[in-house]
Amino acid sequence: MKKQVTLFTEYTKGVWDQNPVFKQVLGMCPALAVTVSAMNGIAMALATTFVLTFSSLIISLIRKVIPTQVRIASFILIIATFVTIVDLVMRAQFPALSKELGPYIPLIVVNCLILGRQEAFSSKNTPGRAVLDSLGMGTGFLIALGSLGGIREILGSRTFLGLQVMPNAFDPWLVMILPAGAFLSLGLMMGFLNHMNLRKKDREERELVARHLQEPKMSLEHGEEVKSWS
Amino acid sequence: MSDVTVTEAQNERELMLSTSPHLQSRWTTKQIMWFVNLALAPCVISAVLYFGFYQLLVIATAVIFAVGTEALIQKLTKKPIAVMDGSAVITGLLLGLIVPPNFSLVSTALGSIFAIGVGKMIFGGLGYNIFNPALVGRAFLQAAFPVAITTWTAPNYAVDSVSSATPLAALKFDGVSTAVGPLFFGNVGGSLGETSSIAILLGGIFLLVTGVANWRIPAAMTIGVIVFGGALWLIDPSYPSPIFHIFAGSFLFGAFYMATDYVSSPITGVGMWIYGLGIALVLVLIRVFGGLPEGVMYSILFMNAFVPLINRYTRPRIFGEVKS
């Protein structure tokens, strides 16, 4: 790596700047399918984070041993091991939740977010950084799935985490707990976040231009020649 | 030298840049929009006449929230507030006229907000939306409140057997056909503005005579329904007849007010024929073979999605261009 990234940034980048759902648009399948309620979204995100963190750790530890030709197969094997652990533990400890999430827990194996992080990060970095990166991505995933599930649950079934938050006079919008509601909410949320980002970038650019426009003027006042605009 | 001239010209007055052909219309956008609003008046009157004064409240709510949402979004995005062009009023009126009688005011407002917010402003406002905003709002209401939006109240003067079901639903689920008479005058169950064929025809003919709506789209839709619906009817007379197809449900309303929306319909003559025939085909398929009794909304939305494609393939050749 050319630029040394601090350990703290290694964690925070996944939370916001590279948020897996809103920025990288990874892991869409669970993000759209299981977020009918906040609880489902949070459970899914926690399960994914567990798998991501431990497979990152293992893969990062043995990254120099894995032959390049068979690395994807090896990654999948390691990921599948942890997914099986999660699946069995959830079935034993939280049978209701496990039933509700259904096939989506075993499907964590093919979540592109997990394989993507192994390929892009863990297989090239030290274990400490890999774990931090995974935890950051997991937090980002949790924020995305939790908020998506929360919005859909509040509007679609009047509750949040199982507690009624909207009055009875509020007609639940059935569409929000249907697949169409997932696409609608995710699309609107992403659109809004992109809009905010663009505005921020726009403001920064304008400030930059204003600064650059001022500098040559000031130097000219001192009778100096403008050498460069950079 | 030329640079200087342009700058001087710009100083004198705004230069308008647009691609050819530079045809001028008889009407401005604002005039056209208010003509459409005027053409909807008979439908509003028939809605109040058949379903009571409460419907006026529903329609007013739809209009107020449509205009309010547009003004609010334009203010938030720091764009000039252009609600007086009447396009938001049209969306509100149309939405108010395609909800069932005695529909909840809160849900109507929600539909209006969604129609303008997601159906129109998100794409950039008037002229940029892919789908007809009022139909987007109606589709959202259909998905959000599937029970409320299919609860039909009988009109005030209902005397026949079709009391709480729409003629299309009665035919589809119970095999009961409705005579053309009540369908023509509007004395049947259905959405507020769609029941009275005579009121729609009054407004529709006004739009065609003034040239505000292009005649090709309603004509193509009618011919299409007669051809496709008639073919099926000839094969098996238990399917609805073409006359029933035309006068029942919201076919006429959709043909005159929804499908002719400038923004979401093709711009070429050939394209309009393809578009109208396409709507008719999808409509007949939904009505005859689909699970829903009515399909005007989905068939128009479906064909809206094809409009860019239709425009692309029916683009007229440039004068002198050789057919390749």
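Net charge near B:Phe131: determine it from the other residues with C-beta under 13 Å of the C-beta of B:Phe131, scoring Lys and Arg +1 and Asp and Glu -1. Neighbour charge sum, excluding B:Phe131 itself: +1. Per residue of A:176-184, other chain Cβ atoms within 10 Å of the residue Cβ number 2 on average. Across peptide B:226-233, the mean count of Cβ atoms from other chains lying within 10 Å of each residue's own Cβ comes to 0. In sequence order, segment A:96-110 has phi-based couplings of 5, 5, 4, 5, 5, 6, x, x, 6, 5, x, 6, 4, 3, 9 Hz under the Karplus curve 6.51 cos²θ - 1.76 cosθ + 1.60, θ = phi - 60°, and Gly or Pro positions carry x. Remark: the B:Glu321-B:Ile198 segment gains 39.7 nm on full extension, using 0.36 nm per residue and subtracting the alpha carbon distance.
Taking the mean number of other Cβ atoms within 10 Å as a proxy for protection, how do you rank A:183-191, B:294-302 from highest to lowest?
Most protected by this proxy first, the peptides run B:294-302, A:183-191.
From the square roots a ≥ b ≥ c of the eigenvalues of the alpha-carbon gyration tensor of the protein assembly as shown, which class results: rounded (a/c under 1.5), prolate (a/b over b/c), or oblate? In terms of gyration-tensor shape, oblate.
Between segment B:38-87 and segment B:176-252, the alpha-carbon centres lie 25 Å apart. Contact order for chain B, expressed relative to its length and based on alpha carbon pairs under 8 Å spaced 6+ residues apart, stands at 16 percent. Charged neighbours of B:Gly224, selected by a Cβ distance under 15 Å, balance to +2 (K, R count +1; D, E count -1).
Over all other residues within a Cβ to Cβ distance under 15 Å of A:Ala130, the charged ones net out to +4, with Lys and Arg as +1 and Asp and Glu as -1.
Pairs of lysine residues in chain B that meet both criteria, 8 or more places apart or on different chains and Cα atoms under 28 Å apart, total 7. Taken along the Cα-to-beta-carbon direction at a fixed 7 Å, the label points for B:Ala82 and A:Ile72 span 4.9 nm. Determine the distance separating the Cα centre of segment A:127-176 from the Cα centre of segment A:1-77; give it in Å without decimals. What the calculation gives is 19 Å, centre to centre. In this calculation the C-beta distance from B:Phe173 to A:Phe192 is compared with R0 = 41 Å, giving a FRET efficiency of 0.45. Derived scalar couplings between HN and Hα for segment B:122-131 equal 4, 7, x, x, 4, x, 10, 6, 7, 10 Hz in order, rounded to whole Hz, by the Karplus curve 6.51 cos²θ - 1.76 cosθ + 1.60 (θ = phi - 60°), x for Gly and Pro.
Residue-wise HN-Hα couplings along segment B:229-245, as the Karplus relation 6.51 cos²θ - 1.76 cosθ + 1.60 with θ = phi - 60° gives them from phi, are x, x, 4, 5, 5, 5, 5, 9, x, 6, 6, x, 6, x, 4, 4, 3 Hz; Gly and Pro carry x.
Dividing the C-alpha radius of gyration of chain B by 2.2 N^0.38 Å, with N its residue count, gives 1.06. The H on the amide N of A:Phe160, modeled in the peptide plane, is under 5 Å from the matching H of A:Val165, each at least 5 residues off or on a different chain. Counting, for every residue in A:166-174, the Cβ atoms of other protein chains within 10 Å of its Cβ and taking the mean gives 3.
Among the listed pairs A:Lys13/A:Lys200; A:Lys124/A:Lys200; A:Lys23/A:Lys201; A:Lys13/A:Lys201, which have their C-alpha atoms separated by more than 22 angstrom in this model? Could you put the intermediate results ahead of the total?
Numbers: A:Lys13/A:Lys200 17 Å; A:Lys124/A:Lys200 32 Å; A:Lys23/A:Lys201 15 Å; A:Lys13/A:Lys201 17 Å.
Too far apart for the 22 Å limit: A:Lys124/A:Lys200.
Working note: Debye formula, equal point scatterers on the alpha-carbon atoms of segment B:206-267, no solvent; log10 I(q)/I(0) at q = 0.26, 0.27, 0.29 Å⁻¹ is -1.04, -1.09, -1.18. The alpha carbon gyration tensor of segment A:7-175 gives principal lengths a ≥ b ≥ c with a/c of 1.5 or higher and a/b greater than b/c, which makes the shape prolate.
Computed from the coordinates by the stated procedures, all read-outs in this text should not be read as laboratory data. Note that the structure is predicted; figures quoted are calculated from it, not measured. A quick note on method: Cβ atoms are made from the backbone with ideal geometry, for glycine too, and the neighbour counts reach across all protein chains shown.
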